[in-house]
Structures are given as structure tokens and as C-alpha cells.
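Student: Please read through the structure below; I'll follow up with questions.
The values are calculated or read from the model by the stated rules, or taken from the named source; none is laboratory data. Just so we're clear, the structure is a prediction, and the values are computed from it rather than from any experiment. All Cβ positions, even for glycine, are placed from backbone atoms using ideal geometry, and neighbour counts span all protein chains on display. Just so you know, the surface numbers come from the protein's heavy atoms only, side chains and all, with ligands and any DNA or RNA stripped out. Shrake-Rupley method; radii C 1.70, N 1.55, O 1.52, S 1.80 Å.
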Amino acid sequence: MKKTKTLAFDAEAFLASAGVARKVIEYRGKETVFAQGDSSKHVMYVQKGSVKLSVVNEVGREAVVAMLGPGDFFGEGCLSGQKISIATATATAPTVLLAIERDEMIRVLHTEHEFSDRFIKHMLARNIRVEADLVDQLFNSTEKRLARTLLLLARYGKEDNQPEKVLATISQETLAEMIGSTRSRVNLFMNEFKKLGFVHTNGGLHINPSLLSVVLHD
């Protein structure tokens, strides 16, 4: 018997077809979507482009906690009563977002069960990713952390998405912030990855799936 392929759930198409009140907002690269400490009132959906979530401590040190792309939600803390944003969201490329007000998002989650199931699944996956990132920071070498981050940015293994073998420009400083290292260490390993053919930078940052061997190597 021929297997029937299950179609991916298209959150953006659903939001349009269900008549969900939302606002389309465009951002330039490096433009702030919201800052740490701003009031938290909207759930955001990435339609196009990419967004960096970062936090700054009391002495001004910044840490990148997530890089988001098309199909990702963020700002969901407002749904649980969080009134202040605990991170800064910055567009890292020309980006288009859908902004959904808190009360409207709660209404949709209560009335549209398929969407609610998908949203909860998305949030659980995000939590698992955060835990994996913490373990990665604590126990893996800089080389492995960098390889894993590049594969995640290319969306390898992400459900309902084809891997992006060519990434939008991302600075070595940002990569260093994401993996808890220095730009010089990132530069060292990026050059090594290039020599081994795992990445190349002609016409963008190209990621070869063979980079996974660095993550799996003991």
C-alpha cells in the first residue's frame, strides 16, 4: 500500500484563513523589534528573515540565547502573564513579522485546537532546544558547539523545514556570543571547517551536512 504523505501545517496560512487579527511589520537588518525591559504585549511570528534574541547582564555583557527564522514564534511570555520582555529581539536581516496581540492569541489558542496543538508542540521543542544548548555549553568543546550551532542555524533536523544550505550573513562575533567563546576561537575553527570542506563562503555561508561528523565525533 502506498504511504500517504502528511502535509506540513502552515501556521501562516492558518492565521490568514482563520481571520486572526494580526499586524504585518517590516524591519531592516540590525533594527530592534523590542528591547529587554520593554512591555510584553504581542506574540510574534517570523514570516521572512531572521531574528536574534539576546540578553544583557548588569555589567553589559551580551549573550545570544536564540536565532529564529521563518515559521518561528517568539514573545510568547506575555501569554503567561510576563509583562516585561526579558530579552532583546533584533532583526539580523530584512525581516517581516506578524504581531498578534496577547488577548487575540489566547482566543485563538482556546478556539482553534489544531493550531493550539501545533503551538504547544513548537514551544516544547523550543524548551528542549534551550536545555540542549545549556548541556552543550557545559560539556562540549568549542569546536563541537560551533558545529552544532551552524547546523541548527541551517535548520538541519527541524521538522517541516528543508535545510538551508546557504545561510544569511552572520558575524563571527554573533557566533561567539551564541556558543560562549571568543571571536578568535570561532575564526580558528571556521578556517579549519573550510579546509575540511564542511563550510565555504562563496556567495554566502554554505553548510555541508558532513559537518555533523564533528558533533558526533568523540
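Student: Has the stretch 65-72 got at least one residue that is in contact with a strand residue (DSSP E or B) (Cβ under 8 Å, 6 or more places away or on another chain) and part of a helix (DSSP H, G or I)?
Tutor: no
Student: Would you call residue 34 in contact with a Gly (Cβ under 9 Å, 6 or more places away or on another chain) and either more than 28 Å from residue 182 (Cβ to Cβ) or open to solvent by 50 Å² or more (accessible area, probe 1.4 Å) (or both)?
Tutor: Spelling it out, residue 34 is indeed in contact with a Gly (Cβ under 9 Å, 6 or more places away or on another chain) and either more than 28 Å from residue 182 (Cβ to Cβ) or open to solvent by 50 Å² or more (accessible area, probe 1.4 Å) (or both).
Student: Now a separate question. Could you list all residues from the stretch 82-126 that are of a type in the set (A, V, I, L, M), at pLDDT 90 or above, assigned to a helix (DSSP H, G or I) and open to solvent by less than 60 Å² (accessible area, probe 1.4 Å)?
Tutor: Once the filter is applied, which keeps residues that are of a type in the set (A, V, I, L, M), at pLDDT 90 or above, assigned to a helix (DSSP H, G or I) and open to solvent by less than 60 Å² (accessible area, probe 1.4 Å), the stretch 82-126 yields 105, 106, 108, 109.
Student: OK, next. Give the residue, chosen from 34, 14, that is modelled with pLDDT of 95 or more and farther than 21 Å from residue 133 by Cβ.
Tutor: So the residue among 34, 14 that is modelled with pLDDT of 95 or more and farther than 21 Å from residue 133 by Cβ is 34.
Student: Also, quick follow-up: In the list 12, 58, which residue meets the criterion of being part of a helix (DSSP H, G or I) and either open to solvent by 30 Å² or more (accessible area, probe 1.4 Å) or touching a Leu at 6+ places or on another chain (Cβ under 8 Å) (or both)?
Tutor: 12
Student: Do you know which residues across the stretch 12-42 are touching a helix residue (DSSP H, G or I) at 6+ places or on another chain (Cβ under 9 Å) and either under 19 Å from residue 94 (Cα atoms) or among the β-branched types (Val, Ile, Thr) (or both)?
Tutor: 20
Student: List every residue pair whose Cβ atoms sit under 8 Å apart, with the two residues 6 or more apart in sequence or on different chains, where the first one lies in the stretch 11-28 and is more than 15 Å from residue 113 (Cβ to Cβ) and the second, anywhere, is assigned to a helix (DSSP H, G or I) and open to solvent by 40 Å² or more (accessible area, probe 1.4 Å).
Tutor: From residues that are more than 15 Å from residue 113 (Cβ to Cβ), there are no pairs.
Student: Please enumerate the residues belonging to the stretch 165-218 that are assigned to a loop (DSSP other than H, G, I, E, B), modelled with pLDDT under 85, surrounded by 13 or more Cβ atoms within 10 Å (Cβ to Cβ) and among the β-branched types (Val, Ile, Thr).
Tutor: Hit for the stretch 165-218 is 170, nothing else.
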